[in-house]
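Have a look at the structure below, then the notes.
The values are calculated or read from the model by the stated rules, or taken from the named source; none is laboratory data. Fair warning: this is a prediction, and the values are worked out from it, not measured in the lab.
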Amino acid sequence: MRIAKFPTRVYVRRVTGPLLLTVMVSMIPQRAAHAYVDPNSVGPIFQFLFPLFVAVASAFAFLKRSLLKIWHRVLGIPRADDIGEPDRGSDADLGGDA
């Protein structure tokens, strides 16, 4: 049986920051916006912005993966997807006929 640990400082910071931000934003006085956006005028904006957002997010994800791969290669740390995989050297390793 595993004994539960008390929350660490990092866990407390992860929870406290967003919670404090939520409380502060909810205390801001709210006023009516008196705004109207025609759905037909916003459609083209969303059709342009959504693919742009997807492209930027994909570029960040690719950059993150590439930098982590380079960083792990420099430090010699095995990546999570490399652990537990057999060596793909020759057919003899796989039990095949060579």
> In this structure, does Ala57 turn out to be modelled with pLDDT of 85 or more and among the small types (Gly, Ala, Ser)?
Replying inline: yes
> Of all residues in segment 5-41, which are of a type in the set (Val, Ile, Thr), at pLDDT below 80 and not in a helix (DSSP H, G or I)?
Replying inline: Thr8, Val37
> Residues of segment 60-98 being of a type in the set (Ser, Thr, Tyr) and at pLDDT 90 or above, which ones?
Replying inline: Ser66
